[in-house]
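Have a look at the structure below before the remarks.
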Amino acid sequence: MKHNEILEKIAYCIEYGKIDRNSPFPPNLKGQDGAGEYTQMALEKGIRADDVLRMGLMQGMDRVGKKFRENKIFVPQVLMSAKAMNSSMEHLMPFFTSGEIRSKGKFIIGTVLGDLHDIGKNLVSMILKGNGWEVIDLGIDVSSEKFLDALKEHPDSVVGLSALLTTTMANMKETVEKIKDQNSETCVAIGGAPVTREFCDRIGADIYSPDPQGLVDYLNQRYNAG
Amino acid sequence: MLRRFSYDFNELSVTKSDLEECIGIGCDLNSFPGQPEEALKSAADICQIQGGYRIFETIGKDYKERQLIAGEHYLKTGRLIFGQLAESDGLLVFVCTAGEAISAYAGKLMDKGDTLRGYLYDVIGSVCVEKALDKMEKELDAQMRKRSLGLTRRFSPGYCGWDVAGQQKLFSLLPEGFCGISLTSSSLMKPIKSVSGVMGFGSKVVKQERPCSICGKRDCIYYERNSPIKH
């Protein structure tokens with residue numbers, strides 16, 4: 001199998017959530033190799049780990065993000081894709097440790113104070129990881145202070161705030177203000193069902209995207225990390 | 001007057017279609033053969049569905065501040081909900097939970113990396129609370145009809161402009177730890193799979209459609225959606 005064919009297999013397995021040979025999902029790929037086996041094959045064939053990440057994993061997750069945006073797939077399929085991606089990542093971990101692969105940057109994420117909804121936040125986390133970002137997940141019901149503490153620990157990070165309730169959007173505003181007061185250069189992304197671009201502009205956040213892929217596109221452009 | 005209820009998971013008839021509807025219109029779980037069925041089967045032993053409500057036979061209204069007055073307590077539900085409850089003579093304050101175990105189990109699966117199964121149990125928790133409340137509402141509708149009274153829709157803090165901090169006021173109308181549900185300082189309910197809210201009732205009350213057309217928040221996830229499930 002040619003190098004580009006192996007990389008395409010990895011991307012395909014991630015796109016369709018094929019974890020490994022033992023995984024029964026998706027039913028039409030039952031018994032076939034998955035992302036894990038193809039990643040191992042790629043490395044054994046001498047493909048650079050960085051190429052496996054960018055041309056295999058990231059390609060696959062990019063397709064997942066786009067399909068999710070277009071309502072062609074739903075949360076369960078994204079979860080399976082993320083698992084397939086993790087299966088590949090296990091093989092790539094030593095290359096992150098050695099420094100051969102570098103993450104695009106750090107992304108601190110959390111659902112704002114008063115809000116316990118985490119499915120959207122988790123999807124953003126998975127898609128960002130699949131696109132080469134290191135994600136620091138603070139969980140749900142996160143106070144402004146907790147975001148600020150995380151920023152002190154990881155000063156160059158991008159911060160992502162999620163809210164599902166219209167009524168907790170006020171807490172989003174407060175958190176953005178406090179982050180910008182501390183360092184106006186910190187990039188703050190906001191998202192969640194009730195959030196709008198107009199609200200984003202009003203509270204001084206840098207980016208609003210209605211879907212994870214929009215955020216990935218923005219970050220790739222802003223940090224020239226595509 | 002205070003009442004409590006508990007339902008067996010099986011009497012709520014939660015189906016795979018209910019899960020698909022909750023996940024998103026167009027979602028098809030058939031590509032995960034057996035998984036939703038297995039989760040629904042074992043959720044029956046995990047969910048501990050209970051709830052209760054307090055009935056205020058009469059309430060006052062502060063039209064200037066748009067507040068409902070239940071006993072000695074003021075509920076600032078916001079313009080939209082106040083309008084929906086304007087014809088009500090009385091108020092019913094309710095809570096319902098699927099229990100701690102379903103979220104704990106979902107979390108445990110997710111922590112183990114079994115994210116899809118974890119997610120399915122999480123969705124089941126959300127769906128069964130809403131279906132329990134649908135059943136409660138249906139039973140209350142019948143009771144109210146016998147008294148020639150109408151019942152409004154359910155309204156919850158955090159939605160339709162009612163500040164989530166309104167939970168504190170709402171819970172102050174109920175005994176502490178009622179039905180095993182408590183509030184955090186940031187007004188989140190524990191167990192997580194819980195819903196609280198109010199319904200109005202009265203001789204002039206007619207159940208209205210969801211007030212989306214008045215609200216105008218076109219980007220709201222519940223905009224003109226029939227199912228009010230939150231997860």
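The values are calculated or read from the model by the stated rules, or taken from the named source; none is laboratory data. Just so it is clear, the structure is predicted and the values come from calculations on it, not from any experiment. Neighbour counts are summed over all protein chains in view; Cβ atoms, including those assigned to glycine, are modelled from backbone coordinates with ideal geometry.
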Residue in region B:179-187 that is touching a Gly at 6+ places or on another chain (Cβ under 8 Å), at pLDDT below 90 and assigned to a loop (DSSP other than H, G, I, E, B) present: yes
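Just name the residue that is nearest to A:ALA84 (Cα to Cα) out of those in region A:23-45 that are away from chain B (no Cβ under 14 Å) and free of Cβ contacts under 8 Å to residues at least 24 places away in the same chain. Steps first, please.
Residues of region A:23-45 away from chain B (no Cβ under 14 Å): A:31-35, A:37-45.
Next cut, free of Cβ contacts under 8 Å to residues at least 24 places away in the same chain only: A:31-32, A:37, A:44.
Numbers: A:GLY31: 15, A:GLN32: 13, A:GLU37: 10, A:GLU44: 19 Å.
Looking at residues that are away from chain B (no Cβ under 14 Å) and free of Cβ contacts under 8 Å to residues at least 24 places away in the same chain, I get A:GLU37.
Please work out if A:ILE119 is more than 13 Å from chain B (Cβ to nearest Cβ), closer than 25 Å to B:SER126 by Cα, in contact (Cβ under 8 Å) with a residue 40 or more places away in the chain and out of contact with any Leu (no Cβ under 6 Å at 6 or more places or on another chain). Spell out the reasoning first.
On the way: more than 13 Å from chain B (Cβ to nearest Cβ): no; closer than 25 Å to B:SER126 by Cα: yes; in contact (Cβ under 8 Å) with a residue 40 or more places away in the chain: yes; out of contact with any Leu (no Cβ under 6 Å at 6 or more places or on another chain): yes.
So A:ILE119 fails the test.
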On the basis of being under 13 Å from A:THR111 (Cα atoms) and of a type in the set (A, V, I, L, M, F, W, C), does A:MET126 make the cut? no
Could you check, for region A:165-181, whether at least one of its residues is touching a Lys or Arg at 6+ places or on another chain (Cβ under 9 Å) and part of a strand (DSSP E or B)? no
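Kindly indicate which of A:LYS121, A:LYS67 is at pLDDT 90 or above and in the same structural domain as A:GLY36 (by TED's automatic domain parsing). Before you say what the answer is, go through the steps one by one.
Numbers: A:LYS121 fails: in the same structural domain as A:GLY36 (by TED's automatic domain parsing).
None of the others qualify; the one that does is A:LYS67.
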Unique match (being closer than 30 Å to A:VAL176 by Cα and surrounded by 21 or more Cβ atoms within 10 Å (Cβ to Cβ)) among A:ILE119, A:ILE127, A:ILE73, A:ILE136: A:ILE127
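Listed here are the residues, each with its yes/no results for (1) more than 10 Å from chain B (Cβ to nearest Cβ); (2) of a type in the set (Lys, Arg); (3) touching a Lys or Arg at 6+ places or on another chain (Cβ under 8 Å).
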residue	(1), (2), (3)
A:LYS67	yes, yes, no
A:SER88	yes, no, no
A:HIS91	yes, no, no
A:ARG102	yes, yes, no
A:ILE109	yes, no, yes
A:LEU123	yes, no, no
A:ASN131	yes, no, yes
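Looking at A:GLY204, A:GLY160, can you tell me which residue is assigned by TED's automatic domain parsing to the domain that holds A:ASP115 and within 18 Å of the chain's Cα centre (by Cα)?
Values: A:GLY204 fails: within 18 Å of the chain's Cα centre (by Cα).
Residue meeting the stated conditions: A:GLY160.
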Just wondering, is there one or more residues in region B:113-124 that are touching a Leu at 6+ places or on another chain (Cβ under 6 Å) and either away from every other protein chain (no Cβ under 14 Å) or more than 30 Å from A:VAL75 (Cα to Cα) (or both)? no
Evaluate the following for B:VAL195: is it in contact with a Ser or Thr (Cβ under 7 Å, 6 or more places away or on another chain), outside any helix (DSSP H, G or I), away from chain A (no Cβ under 11 Å) and under 20 Å from B:LEU75 (Cβ atoms)? yes
Selected residue (criterion: farthest from the other protein chains (Cβ to nearest Cβ)) from residues of region A:76-85 that are touching a residue at least 24 places away in the same chain (Cβ under 8 Å) and not small (Gly, Ala, Ser): A:MET85
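So which of A:LYS146, A:LYS178, A:LYS152 ends up being within 13 Å of chain B (Cβ to nearest Cβ) and charged (D, E, K, R)? Show your work before the answer.
On the way: A:LYS178 fails: within 13 Å of chain B (Cβ to nearest Cβ); A:LYS152 fails: within 13 Å of chain B (Cβ to nearest Cβ).
Criteria check complete, one pass: A:LYS146.
Go through region A:9-22 and report how many residues are in a helix (DSSP H, G or I) and either among the basic types (Lys, Arg) or free of Cβ contacts under 8 Å to residues at least 40 places away in the same chain (or both).
Initially, region A:9-22 is screened for residues in a helix (DSSP H, G or I), giving A:9-16.
Narrowing the set further to residues that are either among the basic types (Lys, Arg) or free of Cβ contacts under 8 Å to residues at least 40 places away in the same chain (or both) leaves A:9.
Residues flagged as in a helix (DSSP H, G or I) and either among the basic types (Lys, Arg) or free of Cβ contacts under 8 Å to residues at least 40 places away in the same chain (or both) within region A:9-22 amount to 1.
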Conditions first: (1) touching a strand residue (DSSP E or B) at 6+ places or on another chain (Cβ under 9 Å); (2) within 27 Å of B:ILE192 (Cβ to Cβ). B:ALA43 passes all but one, so which condition is the exception? (1)
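Quick one: which of B:LEU120, B:LEU91 is modelled with pLDDT of 90 or more, more than 30 Å from A:ASP118 (Cβ to Cβ) and buried (at least 23 other Cβ atoms within 10 Å of the Cβ)? It would help to see each step written out before you state the result.
Working: B:LEU120 fails: more than 30 Å from A:ASP118 (Cβ to Cβ).
Criteria check complete, one pass: B:LEU91.
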Assigned to a helix (DSSP H, G or I), among the aromatic types (Phe, Trp, Tyr) and in contact (Cβ under 8 Å) with a residue 12 or more places away in the chain - does that describe any residue in region A:59-68? yes
Among the residues of region B:165-192, count how many are β-branched (Val, Ile, Thr) and either away from chain A (no Cβ under 12 Å) or in contact (Cβ under 8 Å) with a residue 24 or more places away in the chain (or both). 2
Out of the residues in region B:12-28 meeting the condition of being in contact (Cβ under 8 Å) with a residue 60 or more places away in the chain and surrounded by 12 or more Cβ atoms within 10 Å (Cβ to Cβ), tell me which one is farthest from the other protein chains (Cβ to nearest Cβ). B:LEU12
Identify, by number, the condition in (1) aromatic (Phe, Trp, Tyr); (2) within 24 Å of A:TYR223 (Cα to Cα); (3) without any contact (Cβ under 8 Å) to a residue 12 or more places away in the chain that A:TRP133 doesn't meet. (3)
I'm checking my understanding of the structure. Among residues of region A:52-70 that are surrounded by 20 or more Cβ atoms within 10 Å (Cβ to Cβ) and under 24 Å from B:GLU21 (Cα atoms), which one is nearest to the chain's Cα centre (by Cα)? A:GLY65
Return a yes/no flag: does region A:104-116 have any residue that is assigned to a helix (DSSP H, G or I) and under 28 Å from A:GLY160 (Cα atoms). no
